[in-house]
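The values are calculated or read from the model by the stated rules, or taken from the named source; none is laboratory data. Please read these numbers as outputs of a predicted model, since none were measured by experiment. Here the Cβ positions follow ideal geometry from the backbone for every residue, glycine too, while neighbour counts run over all protein chains shown.
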Amino acid sequence: MVGSSSDRVFIECVPNFSEGRRPEVVAEIVTAIASVEGVRILDYSSDAAHNRSVVTLIGPPGPVVEAAFRGIARARDLIDMRTHEGEHPRLGATDVVPFVPIAGATMSQCVELAVALGERVGRELEIPVYLYEEAATCPERRNLADIRRGEYEGLFEKITKPEWSPDFGPSVVHPTAGATVIGARLPLIAFNVNLTTSDLNVAKKIAQAVRASSGGLAYVKALDVLLNDRNVAQVSMNLVNYRRTPIPRVMEMVRREAARWGVGVLESELIGLVPLDAVLDAAAYYLQLPKLDRSQVIEAGLWE
């Protein structure tokens with residue numbers, strides 16, 4: 001059948017770069033990534049308020065690692081963290097590089113790729129590297145937010161502490177590229193909800209109510225962001241396990257919490273790609289189709 005490749009292994013990689021306001025810079029990074037034969041770029045998007053770009057690529061293990069390395073190297077040359085400003089937390093020019101198992105791939109294989117890339121980035125590019133999620137070398141480094149706490153500006157002091165010595169590379173912050181976090185994880189959905197208010201305090205209260213770390217929904221990370229170009233407050237979220245906590249559950253909780261403060265939902269947005277099953281979950285919920293199945297989607301049948 002079309003797209004059938006049970007004998008092949010495909011890895012997804014989703015590098016996040018700390019640049020979303022200079023399209024010419026993002027284009028150079030994307031071109032570097034796309035220069036590797038066998039790698040396909042599925043999507044890339046930029047956000048000016050976050051000053052961040054997300055690239056989604058897929059391919060066999062070796063080419064994907066090489067493509068990620070080329071993107072990191074180009075970002076090191078083009079992005080200067082000393083002048084970077086944006087709403088999204090960040091640690092370096094290439095902020096985070098996760099590997100995700102797709103067809104024929106395992107999580108342990110993605111961990112091996114993360115370690116191999118981290119070692120090379122540290123050795124050849126002299127950028128400090130931290131391993132996170134499934135590739136973490138200790139429990140304290142599993143959560144990306146813990147590694148990124150203090151951000152680029154706070155890293156100069158943080159990296160001198162023995163407990164925050166990088167897994168690879170020098171124990172000195174790269175002056176322009178900062179540090180990079182590399183790891184392996186399950187598919188993640190970057191899902192943002194824009195509110196009908198510019199009051200950042202309302203978004204902050206909603207984010208606090210929704211995120212798992214403060215007693216909200218399991219597998220949800222959330223923070224408040226002000227989109228200055230639109231004067232709109234946003235609840236910016238990462239859904240790290242969409243099967244356990246699906247998009248509709250998150251959306252409805254945000255909607256209810258917003259109503260408590262007399263505001264509504266203006267719109268929502270996805271950053272990067274989303275698994276088909278997550279979209280079907282949302283469709284089934286809002287259309288009240290409990291028996292909706294991927295076999296009923298024409299395009300899905302092409303790849304079965």
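Yes or no, residue by residue, for (1) aliphatic (A, V, I, L, M); (2) over 25 Å from PRO63 (Cα atoms); (3) surrounded by fewer than 20 Cβ atoms within 10 Å (Cβ to Cβ):
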position	(1), (2), (3)
GLN109	no, no, yes
LEU131	yes, no, no
GLU157	no, yes, yes
GLU163	no, yes, yes
THR176	no, yes, yes
VAL181	yes, no, no
ASP199	no, yes, yes
LYS204	no, yes, yes
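Consider the stretch 48-57. How many of its residues are surrounded by fewer than 21 Cβ atoms within 10 Å (Cβ to Cβ) and in contact (Cβ under 8 Å) with a residue 40 or more places away in the chain? Can you show your working first?
Here is the first cut: in the stretch 48-57, the residues surrounded by fewer than 21 Cβ atoms within 10 Å (Cβ to Cβ) are 48-49, 51, 56.
Still in the running and in contact (Cβ under 8 Å) with a residue 40 or more places away in the chain: 48-49, 56.
Within the stretch 48-57, residues that are surrounded by fewer than 21 Cβ atoms within 10 Å (Cβ to Cβ) and in contact (Cβ under 8 Å) with a residue 40 or more places away in the chain number 3.
Can you say whether LYS221 is under 25 Å from ALA49 (Cα atoms), out of contact with any Phe, Trp or Tyr (no Cβ under 8 Å at 6 or more places or on another chain) and without any contact (Cβ under 8 Å) to a residue 60 or more places away in the chain, as far as the supplied structure shows?
no
Which condition number in (1) more than 22 Å from VAL274 (Cα to Cα); (2) crowded, with 20+ Cβ neighbours inside 10 Å; (3) touching a helix residue (DSSP H, G or I) at 6+ places or on another chain (Cβ under 9 Å) is the one that VAL96 fails?
(1)
Cβ contacts < 6 Å: first residue touching a residue at least 12 places away in the same chain (Cβ under 8 Å) and within 10 Å of ARG211 (Cα to Cα), restricted to the stretch 236-262; second residue of a type in the set (A, V, I, L, M) and in a loop (DSSP other than H, G, I, E, B), any location; separation 6+ or different chain. Result?
These pairs meet every condition: ASN238/LEU188.
State all residues of the stretch 39-79 that are more than 16 Å from GLU12 (Cβ to Cβ), under 18 Å from the mean Cα position of the chain (by Cα) and either outside the structural domain of GLY169 (by TED's automatic domain parsing) or of a type in the set (Gly, Ala, Ser) (or both); if no residue qualifies, say none.
SER46, ALA48, ALA49, SER53, ALA75 - these are the residues of the stretch 39-79 that are more than 16 Å from GLU12 (Cβ to Cβ), under 18 Å from the mean Cα position of the chain (by Cα) and either outside the structural domain of GLY169 (by TED's automatic domain parsing) or of a type in the set (Gly, Ala, Ser) (or both).
Condition first: free of Cβ contacts under 8 Å to residues at least 60 places away in the same chain, among the hydrophobic types (A, V, I, L, M, F, W, C) and part of a loop (DSSP other than H, G, I, E, B). Now tell me which residues in the stretch 88-139 satisfy that. Steps first, please.
The initial filter retains those residues of the stretch 88-139 that are free of Cβ contacts under 8 Å to residues at least 60 places away in the same chain, namely 106, 108, 112, 115-116, 119-120, 122-139.
Now drop any that are not among the hydrophobic types (A, V, I, L, M, F, W, C), which leaves 115-116, 125, 127, 129, 131, 135-136, 138.
Matches in the stretch 88-139: ILE127, ALA135, ALA136, CYS138.
Closer than 27 Å to SER236 by Cβ and crowded, with 22+ Cβ neighbours inside 10 Å, is that true of ILE102? Spell out the reasoning first.
Numbers: closer than 27 Å to SER236 by Cβ: yes; crowded, with 22+ Cβ neighbours inside 10 Å: no.
Considered against the rule, which asks whether it is closer than 27 Å to SER236 by Cβ and crowded, with 22+ Cβ neighbours inside 10 Å, ILE102 comes out as no.
In the stretch 245-287, what residues are surrounded by fewer than 16 Cβ atoms within 10 Å (Cβ to Cβ) and of a type in the set (Phe, Trp, Tyr)?
TRP261, TYR286 - these are the residues of the stretch 245-287 that are surrounded by fewer than 16 Cβ atoms within 10 Å (Cβ to Cβ) and of a type in the set (Phe, Trp, Tyr).
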